[in-house]
Amino acid sequence: MRRSKIPGFLTRLMNIKNKPKILSDILPSRGSVFSVIPQRVNLSFEKERKKLPILEFIKAGVVLAIAFVLILGKTAAPTSETLAATAASEAERAALEAQLKDLESQIGVYQQQVSAYQKQGSSLKGEIAKLNAKIAQANLEIKASENRLKQLNIQMEDNQVKIVQIEGNIDIQKKNLSEILRSIYQNGQINVVSVFLKSQNFSDFFNNVNNLTSLQDNLRITINQIADLKTNLEDQQDLLSMAKSDAQTLRVYKEQQKEETDKTKETKNQLLEITKGQESKYQDLLKKTKEDAAEIRSRIFQLLGGGEMSFGDAYKLAKMAGDATGVRPAFILAILDRESALGQNVGRCTYKTAPMNAKQIKRPDGSYKSEVDYFLEITKALGFENSESVSVSCHNADGAYGGAMGPAQFMPSTWAGYAAQISAVTGKSAVSPWSNADAFVAAALYVKDAGAAKSERTAAAKYYCGGNWNRYVCTNVYAKKVLDQANSFEDDIATLNQ
């Protein structure tokens with residue numbers, strides 16, 4: 001019976017008007033994107049019954065829902081508890097910021113008083129007033145450090161929450177990715193002829209092909225979303241690591257502030273006890289305790305890179321660099337003084353054990369080069385037979401890469417950028433990060449470019465912290481210690497120049 005229908009089928013196939021509309025014997029494969037497409041081949045020519053495609057609607061809804069998730073990217077929504085905690089932390093953060101701003105304003109007032117007393121002629125009354133202002137300033141700085149530590153604790157908690165959320169979103173996107181890959185694999189088993197036979201007309205055929213293309217687009221989108229999430233995760237982890245490092249630095253600094261405050265109080269009490277409040281006795285004491293130029297010149301000056309030299313020799317180099325750049329010598333000395341950086345571990349690693357950053361950096365000419373590449377070029381140009389024998393800084397406590405070189409502690413790429421300017425000042429064709437003279441000039445050039453003429457505090461913060469210079473520990477710990485040290489060196493230089 002089926003045979004007698006074959007000729008009729010061929011006749012109707014040749015006749016466009018009588019072409020069958022539905023063919024249903026070839027079923028769509030399960031699990032593919034074409035599972036929602038109506039049956040296309042019906043060799044029995046039985047008339048298809050009209051019925052509501054409820055199952056098809058459900059399947060189509062599921063597919064659309066998955067597509068919506070894949071395209072827009074599903075994210076873990078924060079809970080009401082998380083939102084409430086975030087709002088509370090923001091309010092607390094704002095209150096702490098306001099308190100910190102008020103404390104810094106008061107600290108500035110006392111700093112101005114200390115500076116004014118230092119410019120006045122030495123007298124017992126002036127010295128006592130200066131010590132009182134220092135004690136008041138130090139107490140406020142301790143409160144400011146405690147305030148900032150509270151802010152850092154809030155920041156670290158926020159970072160932890162964000163890290164957990166991002167990790168959850170990455171897991172979701174990985175599941176999305178596996179679903180897309182599974183669909184692409186399943187549809188990859190169907191050739192173009194099969195797709196054509198499943199299509200009622202040409203528009204359906206191209207729609208089905210577009211469905212496969214859409215899956216491939218979703219694959220690209222999902223991969224990009226995962227990459228973005230991982231970048232965001234790394235950023236949050238870096239912020240958390242930085243906050244932990246800043247908190248540790250502040251704790252150490254706060255203890256140092258307490259010790260310095262106690263010493264200042266002790267100095268004040270001893271001064272009052274010795275002089276009995278008499279100006280004449282104070283002047284006699286001042287003459288006995290003041291160091292002469294010979295003692296200052298022979299004092300050991302500790303370089304930031306781990307070396308040392310006499311203060312007299314260090315001042316000569318700082319004056320040479322200062323004359324060439326317009327930066328005051330006392331500030332250059334303070335920048336290169338190891339204690340101004342809280343005694344960081346420097347000059348004890350190789351470029352491999354530091355470790356030095358091997359990530360490729362895009363250069364102005366479009367080529368790529370890593371810090372390791374720059375380092376090897378520098379050591380080769382200077383004639384070092386073994387680059388691993390050259391000491392560089394170890395990584396910081398916050399996990400950052402090491403590799404800073406010499407007294408100025410320049411990274412290789414930074415040194416390469418300043419080499420021509422250093423050479424122009426020193427007159428040397430090949431400048432070395434490990435040369436004291438070259439390092440002093442390099443430091444002076446850097447802080448000049450960092451705006452030392454307008455704000456030495458900002459320049460010092462940029463020198464030690466680079467692009468993250470506006471962190472509290474950079475502007476109110478490192479930079480403050482540099483400026484205090486510079487003022488102390490200024491007194492020594494005045495004695496040398498008498």
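The values are calculated or read from the model by the stated rules, or taken from the named source; none is laboratory data. Computed from a predicted structure; not experimentally measured. Virtual Cβ from ideal backbone geometry, glycine too; neighbours counted across all protein chains shown.
Among the candidates 273, 255, the residue that is of a type outside the set (Gly, Ala, Ser), over 16 Å from residue 154 (Cα atoms) and exposed (fewer than 12 other Cβ atoms within 10 Å of the Cβ) is uniquely 273.
Here is a yes/no grid of residues against (1) in a helix (DSSP H, G or I); (2) among the acidic types (Asp, Glu):
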site: 246; (1), (2): yes, yes
site: 257; (1), (2): yes, no
site: 266; (1), (2): yes, yes
site: 283; (1), (2): yes, no
site: 291; (1), (2): no, yes
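The set of residues from the range 415-434 being of a type outside the set (Gly, Ala, Ser) and closer than 20 Å to residue 338 by Cα comprises 415, 433, 434.
Taking each residue of the range 346-364 that is modelled with pLDDT of 90 or more and looking for partners that are loosely packed, with under 13 Cβ neighbours inside 10 Å and not in a strand (DSSP E or B) with beta-carbon atoms closer than 6 Å, six or more apart or interchain, yields 350/388. Residues in the range 281-300 that are within 44 Å of the chain's Cα centre (by Cα) and either surrounded by 12 or more Cβ atoms within 10 Å (Cβ to Cβ) or closer than 14 Å to residue 498 by Cβ (or both): 295, 296, 297, 299.
Being free of Cβ contacts under 8 Å to residues at least 60 places away in the same chain and either in a loop (DSSP other than H, G, I, E, B) or in contact with a helix residue (DSSP H, G or I) (Cβ under 6 Å, 6 or more places away or on another chain) (or both): is that true of residue 423 here?
Values: free of Cβ contacts under 8 Å to residues at least 60 places away in the same chain: yes; either in a loop (DSSP other than H, G, I, E, B) or in contact with a helix residue (DSSP H, G or I) (Cβ under 6 Å, 6 or more places away or on another chain) (or both): no.
Criteria not met by residue 423.
Checking each residue in the range 409-435 for being farther than 16 Å from residue 384 by Cβ and in contact with an Asp or Glu (Cβ under 8 Å, 6 or more places away or on another chain) picks out 411, 413, 422, 426, 428.
Got a sec? Which of 77, 95 is modelled with pLDDT of 85 or more, of a type outside the set (Lys, Arg) and farther than 30 Å from residue 289 by Cα?
On the way: 77 fails: modelled with pLDDT of 85 or more.
The conditions single out 95.
Screening residue 384 with (1) in contact with a Ser or Thr (Cβ under 7 Å, 6 or more places away or on another chain); (2) surrounded by fewer than 17 Cβ atoms within 10 Å (Cβ to Cβ) gives one miss only, at (1). Determine whether residue 145 is surrounded by 20 or more Cβ atoms within 10 Å (Cβ to Cβ) and either assigned to a helix (DSSP H, G or I) or modelled with pLDDT under 85 (or both). For residue 145, the condition - surrounded by 20 or more Cβ atoms within 10 Å (Cβ to Cβ) and either assigned to a helix (DSSP H, G or I) or modelled with pLDDT under 85 (or both) - is met.
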